Amino acid sequence: MELEQREALLNRMRRDGRTLLYRREMGEERLLTTLREEHRGNGFGIELADHDRFKFYNDTYGHTLGDLVLSTTGRLFRMHREGDIGVRWGGDEFLRIVRNLVTETQLGLVAGRDTEIVDSFSWETLDERFADNPPRLSVGLVYCEHPSQEERARMVKLDEQVTIASEQRFDPSVWVPDGSSFDLVRKLVALADEKMYEAKRQFAGSAEPHIAQVNVRITHGKLMKI
């Protein structure tokens, strides 16, 4: 029983208490692992999703309704493909690592399913105040071809030049070598964030899914759009 309790505690420490998704620290580690290691498929994807109306809920109705949005979205976001990894990235942002993709088109299908699940959920059954303003996601996507063996060897060599604390992996004020896995993962997430805000602007007021995507490959330690 003591061992079971310890394992349960460790599992809770890896997961966010409100959404039961992985905490950001675990998400960062899994992103680095996904980039460094060889996997099935031609590439992987990063999906970064943000609630368009979250501030409205908090400011108008209070944090209790906002917390309900987060916990419910976390439950919906855990309905993913086997092998994918859902993360509460921070605030009302959710990140998914979409692994083992055959084509870049497949990433858009995964994200489309996520937006559809949130859009079609009966939010008003949880609270009638959702009836007029149901939750809506904006999503930024980055598809990345799996790095070649040569590129992964380059990363490993550059990674060895720096020792970085886990809490500093995504701190832009902390230097990391250009082309290292730390550098490339930071840039991939920044691209996903850029695309997420592009989706917010492009589809504001539209019934279309709020999704924008960019596709890249790693060449000589740099991200190149394809």
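Side notes on the structure shown:
- In region 115-226, one over the average inverse separation of all distinct C-alpha pairs is 16.5 Å, which is the Kirkwood hydrodynamic radius.
- Applying the Karplus relation 6.51 cos²θ - 1.76 cosθ + 1.60 with θ = phi - 60° to region 95-103 yields 3J(HN,Hα) values of 10, 10, 9, 9, 9, 6, 7, 7, 9 Hz, where x marks Gly and Pro.
- The 3J(HN,Hα) values that the Karplus relation (6.51, -1.76, 1.60; θ = phi - 60°) gives for region 194-199 are, in residue order, 4, 5, 4, 6, 4, 4 Hz. Gly and Pro appear as x.
- Our analysis of region 69-128 gives Rg over Rh at 1.00, with the two radii drawn from alpha carbon positions and Rh computed by the Kirkwood formula.
- Modelled spin labels at Met224 and Ala131, positioned 7 Å past Cα toward Cβ, are 5.6 nm from each other.
- For region 69-107, the residues whose amide N sits under 16 Å from a probe point set 7 Å from the Cα of Glu25 along the beta carbon direction are 88-90.
- Taking amide H as placed 1.01 Å from N in the peptide plane, Gln213 has its amide H under 5 Å from the amide H of Leu141, each at least 5 places away in sequence or on another chain.
- In order through region 133-142: 3J(HN,Hα) via Karplus (6.51 cos²θ - 1.76 cosθ + 1.60), integer Hz, x for Gly, Pro: 9, x, x, 9, 9, 10, 10, x, 10, 10
- In the chain, the longest principal axis of the Cα atoms and the axis of helix 24-36 are about 40 degrees apart.
- For the chain, DSSP calls about 75 percent of its internal beta bridges antiparallel.
- Panel values: the chain, Kirkwood radius from alpha carbon pairs, Stokes-Einstein at 4 °C and 1.567 mPa s, translational diffusion coefficient 70 µm²/s.
- Lys pairs under 18 Å by Cα in the chain, provided they are eight or more residues apart or on distinct chains: 6
- Two numbers describe the Cα atoms of region 121-164: Rg and Dmax, which are 22.3, 56 Å.
Only the coordinates and a few stated rules stand behind these numbers; no lab work does. Not measured: the values here are computed from a predicted model. Backbone-built Cβ (ideal geometry, glycine too); neighbour counts: all protein chains shown.
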